[in-house]
Amino acid sequence: MTPRTSPPFRADHVGSLLRPPELLRARADRAEGRITAAELRVVEDAAILGAVRMQEELGLHAATDGEFRRTLWHMDFIHQLGGMTTTDGIRPVRFENAEGVLEWTPAALRVAERLHLRHTIFGDDFTALRAMTTTAVPKQTIPSPSMVHYRGGRAAIDEAIYPDIDQFWDDLSAAYAQQVRGLFELGCRYLQLDDTSLAYLNDPKQRALLAEEGGDPQTQHLVNIRQINAALRDRPDELTVTVHLCRGNYRSSWAAEGGYDYVAEALFTELEVDGFFLEFDDARSGGFEPLRFLPPGKVVVLGLVTTKHGRLESKDDLKRRIDQAAKYVPIEQLCISPQCGFSSTVDGNDLTRDDQRAKLALLVETADEVWG
């Protein structure tokens, strides 16, 4: 086996980390007007530096800022796109967990003018992260273009602005292409696009919901793949881009189920990214059979360690599952990670920061023993 010297790495992680208590207190103080935005930034910087040092000390070769400056993994980005606004509409998302059902109701989105990029979103955040890393590659995560459409569908796009939906997709991809270039110019060499839509569409219930909203569940994944490719068409060769597929990650709950079979062939053979972070932490994610479509030269990062609870996985079980996946794709094209972030929203999942550290350490140890 050969170690990987470029991303994605044999032991990697999706991005978000549990917020430390002092950061949560500072966010609450800022919301109540007790501290300034500049004072909050100081607390964020200190918390991120601690998170970066933790990642590097564990032996991870990529480090994120834990998404510590965000409230929601995708909305903090989408709200900064020129042309996007929020409305009073309600579009709840139904989540499930072992105890039952809960609903999350974010502000509804509306495309009120032609989409454009006003500035490189998270640019200052990436610059700060890059300055803090010493041994690890700074990794930037952003929601994929699909999420701008999937959160509202055609109903959220003003037909007076975009009578032709193709015009919307063209502007969206152009804005994302500009965003990718902007991050690269700031020194980003490892970019991850987070996408729930391509995972949700494997679930028949989610496809039925899309049809009810006037979408086409037979072709939506193909549209999303085409638009991601358009956004990445002119990316520099030195930039590694991966995509992370998620079935929902809110307070240890999920929104969709099902293996990757529905989207697998198009996903692996048509999406022009370097690697795929995929959930494989439980039966909800299906089996490894869809990996047979992975072409040479691309990498799958197996999300074998769950972030939904704090129970630590067995190293032997992880190795057995890697062997099972290797029946469908060469082991040299595999890496491992948690199945999702530990805190996709500021609320975080139901585990401790010690649990989080133990799970990341387990991934590094397992990868070292499997790949060297």
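The values are calculated or read from the model by the stated rules, or taken from the named source; none is laboratory data. Quick caveat: nothing in here was measured; it's all calculated off a predicted structure. Because the Cβ atoms are built from the backbone with ideal geometry, glycine has one as well, and the counts that use them run over all protein chains shown. When the accessible area is computed, the model is the full protein with side chains, heavy atoms only, and any ligands, DNA or RNA have been set aside. Shrake-Rupley method; radii C 1.70, N 1.55, O 1.52, S 1.80 Å.
Key figures for this structure:
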quantity	calculated
Aspartates and glutamates whose Cα lies under 13 Å from that of LYS359, excluding same-chain neighbours fewer than 8 positions away	ASP12, ASP281, GLU313
Only Lys, Arg (+1) and Asp, Glu (-1) charged, at Cβ; the chain dipole about Cα centre in debye	400
More than 22 angstrom apart: percent of Cα pairs within region 269-344	20
Largest-first principal axis extents, alpha carbons of the chain, Å	58, 50, 46
Relative pair counts by distance (%), Cα atoms of region 170-212, 10 Å bins	23, 31, 28, 16, 2
222 nm mean residue ellipticity, helices alone, for the chain (DSSP H n ≥ 4; -39,500 (n - 2.57); rounded to 500)	-11000 deg cm²/dmol
Accessible area of the chain belonging to carbon and sulfur atoms, whole % at 1.4 Å probe	48
Selection from TYR328, GLY275, ALA255, by position along the positive dipole direction of region 218-332 (Cβ)	ALA255
q = 0.22 Å⁻¹, region 309-368: log10 I(q)/I(0) [Debye, one scatterer per Cα]	-0.92
Normalised convex hull volume, region 1-135, alpha-carbon set, Å³ per residue	188
Ranked by how many other beta carbons lie within 10 Å on average, peptides 118-128, 23-33 from highest	118-128, 23-33
Equivalent ellipsoid, region 97-250 (semi-axes from 5 times Cα gyration tensor eigenvalues, Å)	28, 21, 15
Sequence ranges 242-250, 201-209, ranked by mean other-Cβ count within 10 angstrom, highest first	242-250, 201-209
Amide H contacts under 5 Å for CYS340, placed H, 5+ residues apart	THR307
Nearest-20 debye value, region 12-131 charge dipole, Cβ charges on Lys, Arg, Asp, Glu	380
Mean accessible surface per residue for the chain, computed with a 1.4 Å probe while every protein chain stays in place, in Å²	41
